[in-house]
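> The structure that follows is given in the form of structure tokens.
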Amino acid sequence: MLELYGHAVASRLLLGTARYPSPAILAEAVRASKTDIVTVSLRREMAGSRAGGAFFELIRTLSVKVLPNTAGCHTVAEAVLTAKMAREVFATDWIKLEVIGNHDTLQPDVFALVEAARILSGEGFKVFPYTTDDLVVAERLMEAGCRVLMPWCAPIGSAMGPVNLPALRSMRAHFPDVPLIVDAGIGRPSHAAIVMELGYDAVLLNTAVASAANPAAMAAAFTGAIEAGRIAFQAGMLEPRDMAVPSTPVIGKAVFS
Amino acid sequence: MRVLIKGAGVAGLTLAHELTARGAAVEVAETAQHVGGGASWFAGGMLAPWCESESAPAPVLALGREAADWWDAVLPGHVIRNGTLVVAPTRDTGELARFAARTSGCDWLDADQIAALEPDLAGRFRKALLFRDEAHLDPRRAITALHATLQASGVRFYLGAVPDFPEAGFDHVVDCTGAHAIGQAADLRGVRGEMLMLETPDVSLSRPVRLLHPRIPLYVVPRGDSRFMIGATMIESDDAGPVSARSLMELLNAAYALHPAFGEARVFETGAGVRPAYPDNLPRLAFDGDTIRLNGFYRHGFLLAPSMAKSAAIRIVGRMQADNGQQSLVHPRSLHPSGHKIIPLQSGAGR
């Protein structure tokens, strides 16, 4: 079973809670996905006097673990402040750390990310950093105290799927014992199956489910694909060859003619 | 029969109209000093059920498609039936195809057709969708006019009323207090919306324009006199504080993306309000003990209030006997003996 900061999780799908048509449909999708962990992004307005109250209350009623998210933060200070507010609101030291470096591509600012990860780890947070597939950055995040890494496979919300398979393979090979979760860029279940077949530990999704015509059905489709990819990885897959290999041996075969 | 309506927003006023039309003596208590003081005041006023069905459940189209006719009949001259134009920046034209696939009632336009409909957008977009049967109105003018119409037909208004307005002597009390009922009505939550008003003589539009954007979809509604309403954010919060800098920036960016001349416009108002919403984002008529609630209009107040008010009035007053003008009064609790029943939405409810 997958362990994230000492917490055993059965489902290898982490689901974001933004952009669903309604909270009722969000709840359906969470149930259909059988996920154990949902991410929730916090905005200043939500942490105000009445604290986004009803929406967060609804998230709490889903009885899944909440991974708060610093989505939309562009600086170390903003991310650290948001993480602290999230700890208050959700009473958890887990934080999905996002520090955005480019408004258009939503590419992480990896320098600020490492800095924020160091500060937050030092204050007892369990940091889940949204990062690129860069190995050196990943090393620095580990040095900063992270025990989980969440590389993108394409820009957030782009639905492009894994655009750099060699980089993802190389990251898996370099960090054999670190839980690796692909965060961002997944568009369809086959994309999720591909990264799970590479040996990634889990997949984090939001837009691909929330913006589907039927979010609950799409959540179930992803759950199936992620399970299939995981089992296939464990079962050991064939590598492609450049010649045909018959599945039935031809030598010694009886000939009726 | 005497009915007290609490709340003079779009829900309360449309219900007052429907009840008065069925012979009830209606009085309206509003804690604010003027009508439409809540979310109604910041509404876009788009009667756009086809566009909304991109992400809204089916009842929104079923209940909203006759809203324009209702407003036109009750307030002649307020409804403008020019459809809705949906555009996307060139790099996001895929969003248009997605939007068209999720909706109905629209036609694809090319650059020439866009120029013919909205000359000021000529050359700015190569493709667009026109939702031909949609309409819009100015919510503030409509609310003010409906208030006057109701007063003329004998509805008594108590503006600046105390929150616990005395209910003795009324046959029914209907709570239409919108976001004020958050915390009292089970499952009701707030969804913050921010908007701004721009004024420029350099842009002219004849219909609401929606700008699709993967992250920040926004709309511009012409309000006449060179004024435009730009809206609206959707934030899970019941905070009604002033607009945030980020939201202001996003709203202005969208206006600028639609037409650079908005860069020179005057910002003459920014506003924020809290939309009342149930978990499915659909309105409800709920019989909650002795309290009847009509609430949860979310971003669809002007769109769904007419049809919800009509079905609420029918349930509250009972069926009119058209031949002799007599009413058979039916107490809602006799219809719903549990005394705590939510009336599910059905397409065509109340017709």
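The values are calculated or read from the model by the stated rules, or taken from the named source; none is laboratory data. All values derive from a computational prediction rather than experimental measurement. Positions of Cβ are generated from backbone atoms using ideal geometry, with glycine treated the same way; all protein chains shown enter the neighbour counts. Accessible surface is based on the protein model in full, side chains and every heavy atom, while ligands, DNA and RNA are left aside. Shrake-Rupley method; radii C 1.70, N 1.55, O 1.52, S 1.80 Å.
> So how tilted is helix A:110-122 from the main axis of chain A? Cα-based, degrees 0 to 90, rounded to 10.
On a 0 to 90 degree scale, this one is about 70.
> Give me D for the range A:96-139 in µm² s⁻¹, whole number, from Stokes-Einstein with Rh from the Kirkwood sum over alpha-carbon pairs, 20 °C and 1.002 mPa s.
Rounded to a whole number, D works out at 201 µm²/s.
> What 222 nm value per residue comes from the helices of chain B, counting each DSSP H run with n ≥ 4 as -39,500 (n - 2.57) and dividing by all residues, nearest 500 deg cm²/dmol?
So the calculated ellipticity at 222 nm is -8000 deg cm²/dmol.
> Can you give me the convex hull volume of the Cα atoms of the range A:64-144, divided per residue and expressed in Å³?
Details: hull volume 7.2 nm³, N = 81.
Roughly 89 Å³ of hull volume per residue.
> Take the alpha-carbon centre of the range B:137-172, take the same for the range A:176-254, and report the distance between them in whole Å.
Between the Cα centres of the range B:137-172 and the range A:176-254 lies a distance of 60 Å.
> What is the percent carbon and sulfur in the accessible area of the range B:60-219, measuring with a 1.4 Å probe over the protein chains and ignoring ligands?
Ligands and nucleic acids excluded, carbon and sulfur give 49 percent.
> Please name the residues of the range A:52-76 whose accessible area, counted over protein heavy atoms with a 1.4 angstrom probe, falls by no less than 10 Å² between the chain alone and the full protein assembly.
Correct list: A:Gly52, A:Ala54, A:Phe55, A:Leu58, A:Gly72.
> Given the DSSP H assignment, sum -39500 (n - 2.57) over each helix run of at least 4 residues in chain A and divide by its residue total; what's the result at 222 nm in deg cm²/dmol, nearest 500?
Calculated mean residue ellipticity at 222 nm is -12000 deg cm²/dmol.
> When ligands, DNA and RNA are left out and all protein chains stay put, how many square angstrom of accessible area per residue does chain A have with a 1.4 Å probe?
Roughly 45 Å² per residue, with all protein chains present.
> In addition: Have a look at the DSSP beta bridges in chain B and tell me what percent are antiparallel, nearest 5.
Numbers: 46 of 65 bridges.
In chain B, DSSP labels about 70 percent of beta bridges as antiparallel.
> Now for a separate question. Quick one: work out the % antiparallel among DSSP beta bridges in the protein assembly as shown, nearest 5.
Numbers: 50 of 91 bridges.
Here the antiparallel bridges make up roughly 55 percent for the protein assembly as shown.
> Same structure, new question: Stokes-Einstein D for the range A:103-257 at 10 °C, 1.306 mPa s, Kirkwood Rh over Cα pairs, in µm²/s?
Reported coefficient: 91 µm²/s.
> How high is the FRET efficiency from B:Tyr256 to A:Ala91, r the C-beta distance, R0 51 Å, rounded to 0.05?
On the way: r = 41 Å, r/R0 = 0.81.
According to the calculation, E is roughly 0.80.
> If you don't mind, there's one more thing I want to ask. Mind checking the range A:1-105 for chymotrypsin sites (Phe, Trp or Tyr not before Pro) that DSSP puts in a loop (not H, G, I, E or B) and that have at most 15 other Cβ atoms within 10 Å?
Details: sites: A:Tyr5, A:Phe55, A:Phe56, A:Phe90, A:Trp94; in loops: A:Tyr5.
For chymotrypsin sites (Phe, Trp or Tyr not before Pro) across the range A:1-105 that sit outside H, G, I, E and B with at most 15 neighbouring Cβ atoms in 10 Å, the list reads A:Tyr5.
> Relative to the first principal axis of the alpha-carbon coordinates of chain A, what is the inclination of helix A:215-235, with its axis defined by its Cα atoms, in degrees from 0 to 90 and to the nearest 10?
Roughly 50 degrees, rounded to the nearest 10.
> Find the accessible area per residue for the range B:157-202; the probe is 1.4 Å, ligands and nucleic acids are left out, and the unit is Å².
Spelled out: the 1.4 Å probe surface of the range B:157-202, per residue, equals 43 Å².
> Bin width 20 Å, origin at 0, all Cα-Cα pairs of the protein assembly as shown: what percent of pairs per bin?
Over the protein assembly as shown, the share of Cα pairs per 20 Å bin runs 18, 46, 28, 7, 1, 0 percent.
> The range B:41-85: which residues show an accessible-area loss of 20 Å² or more, assembly versus chain alone, 1.4 Å probe?
Listed by number, the residues meeting the 20 Å² cut-off are B:Ser55.
> A further question on this structure: For the pair B:Arg156 and A:Arg31, how long in nm is the line joining their label points, each one 7 Å along Cα→Cβ?
4.8
> Another question about this same structure. Taking 0.36 nm per residue of separation and subtracting the Cα-Cα distance, what length does fully extending B:Ala148 through B:Ala73 add? Intermediate values should be presented prior to the final figure.
Values: separation 75, 0.36 × 75 = 27.00 nm, distance 1.52 nm.
Extra length from B:Ala148 to B:Ala73 when fully extended: 25.5 nm.
> Ignoring everything but the protein chains, give the 1.4 Å probe accessible area of A:Ser22 in square angstrom, nearest 10.
Looks like 10 Å² after rounding.
> Report the GluC sites (Glu not before Pro) located in the range A:121-219 that are in a DSSP loop and have at most 15 other Cβ atoms inside 10 Å of their Cβ, or state none.
Loop-located and lightly packed - A:Glu123.
> What is the total of Lys pairs in the protein assembly as shown with C-alpha atoms under 30 Å apart, excluding same-chain pairs fewer than 8 positions apart?
Close lysine pairs under the 30 Å cut-off: 13.
> Can you find, among B:Ala62, B:Ala128, B:Ile230, the residue sitting farthest towards the positive end of the charge dipole of chain B, where Lys and Arg contribute +1 and Asp and Glu -1 at Cβ?
Positive-most Cα among the choices belongs to B:Ala62.
> Given R₀ = 45 Å, what would the calculated FRET efficiency be for B:Asp110 paired with A:Ala228, taking r from the Cβ atoms and rounding to 0.05?
0.55
> If you don't mind, there's one more thing I want to ask. Indicate the residues belonging to the range B:158-195 that lose 10 Å² or more of solvent-accessible heavy-atom surface (probe 1.4 Å) upon moving from the chain alone to the assembly of all protein chains, ignoring ligands and nucleic acids.
B:Ile182, B:Arg189, B:Arg192
> Please give the Cα centre distance for the range A:91-144 versus the range B:1-24, rounded to the nearest Å.
55
> Any idea of the accessible area per residue across the range B:241-303, 1.4 Å probe, to the nearest Å²?
Heavy-atom SASA per residue in the range B:241-303 reads 37 Å².
> Where does each of B:His180, B:His78 land when they are ordered by accessible area, with a 1.4 Å probe and the largest first?
Output order, biggest surface exposure first: B:His180, B:His78.
> Here's something else I'd like to know. Ignoring ligands, DNA and RNA and using a 1.4 Å probe, state the total buried accessible area between A and B in Å², rounded to the nearest 100. Kindly include the intermediate steps, with their values, before the conclusion.
On the way: alone 12610 and 15220 Å², together 25960 Å².
Buried area between the two chains comes out at roughly 1900 Å².
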